[in-house]
Amino acid sequence: MDKPKNRAADFEKALQDRAQQKYVLRLYVAGMTPRSREAITSIKKLCEEHLQGRYEIEILDIYQHPELASAQQVIAAPTLIKELPLPLRKFIGSLSDEGRILKGLDVQPKERIACGHE
Amino acid sequence: MVSDRSLVNIRQDVLAKCPTGIQGFDEITAGGLPKGRPSLVCGGPGCGKTLFGMEFLVRGATEFDEPGVFVSFEERPEELAQNVISLGWNLQDLETNGKLLVEYVQVERSDIEETGEYDLEGLFIRLASAVDAIGAKRIVLDTVESLFAALPNELILRSELRRLFRWLKDKGLTAMITGERGDRNLTRHGLEEYVSDCVIDLNVRVKSDIATRRLRIVKYRGSRHGTNEYPFLIGATGFSVMPITSINLDYATLMERVPSGVERLDTMLGGSGYYKGSSVLITGTAGTGKSSLASAFAQSICATGGKCLYFAFEEAVSQILRNMSSIGINLGQWVDAGLLKFHASRPTTFGMEMHLLTMYNMVKEFNPSAVIIDPISNLSSVGNEEEVKSVLTRFVDYLKGRGITTLFTDLTSGKTAGEYTEAAISSLMDTWILLRNIETNGERNRALFVLKARGTDHSNQVREFVLSSQGLELTDAYLGPEGVLMGSARVAQEVRAQAESMRRSQELKGRTRGLETRRAMLEAQMASLKQEVICLDEEVEMFKVEAMAQDDALAKGRDDMARIRKAD
């Protein structure tokens with residue numbers, strides 16, 4: 001067995017996987033406030049642009065599900081939780097800062113991914 | 001107009017209080033925390049903030065039927081439960097019974113990313129649902145400051161906190177918010193800015209290796225409150241705050257007397273001993289018999305069927321028993337009979353406050369009719385004069401309130417004046433007995449006198465205090481032209497006086513005899529003189545008769561002559 005070769009293959013595979021990584025996101029909002037709407041719009045747009053076809057997003061109103069807020073340790077609204085891929089991360093606020101979210105979600109901006117494929 | 005308004009305020013705004021059930025705390029705050037308002041508890045690490053909050057809820061749930069929510073930002077519910085189980089609080093039970101709810105709010109800076117505007121509605125919803133779930137009346141937030149570490153946007157956080165406290169008020173919750181002590185402010189993040197109704201400061205100070213926890217009400221809007229720093233303890237049953245001075249001096253005064261155990265001393269105190277429920281202080285230098293006098297008192301209490309609690313800060317129990325049996329006081333029998341209880345400990349074992357609490361608890365448990373502390377001077381090795389005084393004041397008040405006679409002994413050093421106590425507590429004492437060693441003619445003798453005895457017609461005499469195998473005894477000190485004599489000098493003087501009086505009576509006898517002889521002589525003389533007088537009288541009679549006979553003879557002769565001469 002050629003270890004270094006295998007390692008390199010693993011790395012390649014990991015990169016590949018990452019590009020195809022499936023995202024499970026949950027957005028907790030507190031009622032349909034303008035801020036909630038803004039957050040929903042931004043995350044949907046972002047997902048469509050960068051994670052098309054490999055994401056799952058659920059929008060929850062914590063007024064309806066206060067127990068979820070406790071279970072998920074949500075304190076701020078809106079809160080976006082990236083459940084998968086691990087590690088779990090939380091984004092609080094109206095999700096207006098796209099660059100920051102992408103970085104936090106560990107998503108390569110589309111242009112770069114495209115570049116990599118070519 | 002202003003006065004009108006203030007009058008109205010007085011009538012309407014009598015602040016409702018929410019009793020905490022924490023021992024002593026409700027007394028210094030005249031009822032507890034402000035009801036339906038948030039209070040701030042601040043203090044450094046390890047000063048008991050979390051426990052204070054938890055006790056507030058546990059007592060509320062168990063004693064006042066007010067369910068509570070504990071919002072923990074730091075400790076997990078399991079940890080919290082574990083921490084307080086030693087105090088006998090079973091959080092799980094309370095939770096199952098719907099009396100308590102622990103809401104754990106975990107905020108980690110590392111996994112939170114701020115992306116735009118937000119609010120803390122999530123927290124509000126969680127609190128609201130927790131409060132509604134059990135119908136909570138009380139809530140503790142421990143400690144909300146963790147949010148400052150987790151959420152970088154202080155502007156939002158501050159406005160949200162302001163909203164949170166307003167929300168708590170609107171909900172009518174009696175809230176306790178804990179905060180870490182800051183460098184310059186009461187709390188690191190200035191929470192006192194938002195919670196302004198009641199601020200409580202907890203601190204721990206270490207002095208001479210002994211830590212004392214203290215509590216202070218920094219402010220309490222709309223209520224009177226004690227302003228001092230009150231020492232408090234976290235004991236086996238939770239917090240206990242001890243008011244520096246008892247709030248009231250309204251205990252009942254008893255007219256009954258209890259014998260002191262020394263007969264002559266009872267007499268010196270106006271007949272029948274100490275007043276029941278009074279405080280007695282026995283001061284003296286080393287070896288003047290303080291403990292012996294205390295033991296005699298214990299003996300007399302137990303002999304009449306009373307219970308006595310003996311705090312020994314100097315000697316071990318077995319040592320006291322042995323020493324006292326040498327002067328004819330058998331304390332062991334009372335220990336066996338369950339009437340006498342010893343508690344021997346070194347003062348340095350605990351801080352001053354812990355001692356007080358131990359004493360409180362033991363008194364509560366044993367319910368004695370007399371308490372002896374032997375000696376109080378040793379307590380000053382753990383606290384300074386003020387602390388000892390404050391502790392003893394409270395203890396004396398507590399005991400007096402329960403009608404317990406208290407006897408303290410106090411060791412004074414030989415250098416200081418006799419009328420001085422190490423702990424400066426003489427003013428607390430109703431009766432003060434001074435024992436003194438008087439050194440004369442190469443020996444030391446014990447002298448006892450009653451320096452003061454409130455409300456009794458006490459003796460002003462110095463008595464000699466004799467300890468013998470028969471027990472304690474007071475004898476008259478010899479008072480003579482040479483002053484007060486004691487011990488062997490007294491005995492010698494007594495012997496001398498006896499000899500002197502014998503000599504005097506002999507002398508008197510001799511002189512009486514002489515006088516009597518003289519009198520007898522004079523009487524004899526008088527008798528012979530009388531005889532002489534009688535003889536003289538008889539002679540005079542004889543002369544008279546002779547003279548008359550002669551006259552007769554002469555007259556007869558003249559007649560005869562005339563007849564012869566044939567006179568005309």
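The values are calculated or read from the model by the stated rules, or taken from the named source; none is laboratory data. Quick caveat: nothing in here was measured; it's all calculated off a predicted structure. Every residue, glycine as well, gets a Cβ built from its backbone with ideal geometry; the counts of neighbours run over all protein chains shown.
Assorted remarks:
- Some residue of segment B:490-509 being touching a Ser or Thr at 6+ places or on another chain (Cβ under 7 Å) and closer than 29 Å to residue B:324 by Cα: no
- For segment B:96-114, the set of residues classified as more than 14 Å from every other protein chain (Cβ to nearest Cβ) and either surrounded by fewer than 17 Cβ atoms within 10 Å (Cβ to Cβ) or among the polar types (S, T, N, Q) (or both) consists of B:96, B:97, B:98, listed by residue number.
- Given (1) in contact with a helix residue (DSSP H, G or I) (Cβ under 9 Å, 6 or more places away or on another chain); (2) within 14 Å of chain A (Cβ to nearest Cβ), number of the condition residue B:200 does not satisfy: (2)
- Residue match in segment B:291-309 (condition: over 15 Å from residue B:370 (Cβ atoms) and in a loop (DSSP other than H, G, I, E, B)): no
- Odd one out for residue B:67, checked against (1) more than 14 Å from chain A (Cβ to nearest Cβ); (2) touching a Leu at 6+ places or on another chain (Cβ under 6 Å): (2)
- Some residue of segment B:138-154 being assigned by TED's automatic domain parsing to the domain that holds residue B:75, of a type in the set (Val, Ile, Thr) and closer than 21 Å to residue B:65 by Cα: yes
- Exactly one residue among B:84, B:58, B:107, B:69 is within 28 Å of residue A:86 (Cβ to Cβ), in the same structural domain as residue B:171 (by TED's automatic domain parsing) and β-branched (Val, Ile, Thr), and that residue is B:107.
- Residue, modelled with the lowest pLDDT, within segment B:205-215, restricted to residues that are surrounded by fewer than 16 Cβ atoms within 10 Å (Cβ to Cβ) and among the hydrophobic types (A, V, I, L, M, F, W, C): B:211
- Restricting segment B:159-204 to residues that are among the polar types (S, T, N, Q) and surrounded by 22 or more Cβ atoms within 10 Å (Cβ to Cβ) leaves a set whose member that is farthest from residue B:38 (Cα to Cα) is B:187.
- On inspection, residue B:120 does not qualify as within 53 Å of the chain's Cα centre (by Cα) and either at pLDDT 85 or above or surrounded by 22 or more Cβ atoms within 10 Å (Cβ to Cβ) (or both).
- Segment B:26-77: number of residues that are within 19 Å of residue B:198 (Cβ to Cβ), in a helix (DSSP H, G or I) and not polar (S, T, N, Q): 13
- Leading residue by the ranking (nearest to the other protein chains (Cβ to nearest Cβ)) among those in segment B:115-144 that are in contact (Cβ under 8 Å) with a residue 60 or more places away in the chain and of a type in the set (A, V, I, L, M, F, W, C): B:130
- Being at pLDDT below 75, more than 14 Å from the chain's Cα centre (by Cα) and either of a type outside the set (Phe, Trp, Tyr) or not in a strand (DSSP E or B) (or both) is a property that does not hold for residue A:38.
- Taking segment A:87-112 as the range and being facing chain B (nearest Cβ under 10 Å) and assigned to a helix (DSSP H, G or I) as the test, the residues that pass are A:98, A:99, A:100, A:101, A:103, A:104, A:105.
- In segment B:26-40, residue nearest to residue B:357 (Cα to Cα) [restricted to those that are at pLDDT below 85 and among the hydrophobic types (A, V, I, L, M, F, W, C)]: B:28
- Filter pass, residue B:525 being over 30 Å from residue B:386 (Cβ atoms), over 38 Å from the mean Cα position of the chain (by Cα) and surrounded by 12 or more Cβ atoms within 10 Å (Cβ to Cβ): no
- Residue match in segment A:45-53 (condition: buried (at least 17 other Cβ atoms within 10 Å of the Cβ), within 11 Å of chain B (Cβ to nearest Cβ) and at pLDDT 75 or above): yes
- Across segment A:66-86, the qualifying residues are those that are part of a loop (DSSP other than H, G, I, E, B) and at the interface with chain B (Cβ under 7 Å from one of its Cβ atoms), and the one among them that is surrounded by the fewest Cβ atoms within 10 Å (Cβ to Cβ) is A:73.
- If you go through segment B:85-106 and keep only what is farther than 21 Å from residue B:144 by Cβ and not polar (S, T, N, Q), you end up with B:85, B:87, B:88, B:89, B:93, B:94, B:95, B:98, B:99.
- Any hit, segment A:58-65, residues being more than 14 Å from chain B (Cβ to nearest Cβ), surrounded by 13 or more Cβ atoms within 10 Å (Cβ to Cβ), out of contact with any Asp or Glu (no Cβ under 6 Å at 6 or more places or on another chain) and at pLDDT 85 or above: yes
Conditions tested, residue by residue: (1) under 19 Å from residue B:229 (Cα atoms); (2) of a type in the set (Asp, Glu); (3) in the same structural domain as residue B:235 (by TED's automatic domain parsing).
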residue: B:330; (1), (2), (3): no, no, no
residue: B:334; (1), (2), (3): no, no, no
residue: B:355; (1), (2), (3): yes, no, no
residue: B:358; (1), (2), (3): no, no, no
residue: B:369; (1), (2), (3): no, no, no
residue: B:374; (1), (2), (3): no, yes, no
residue: B:386; (1), (2), (3): yes, yes, no
residue: B:391; (1), (2), (3): yes, no, no
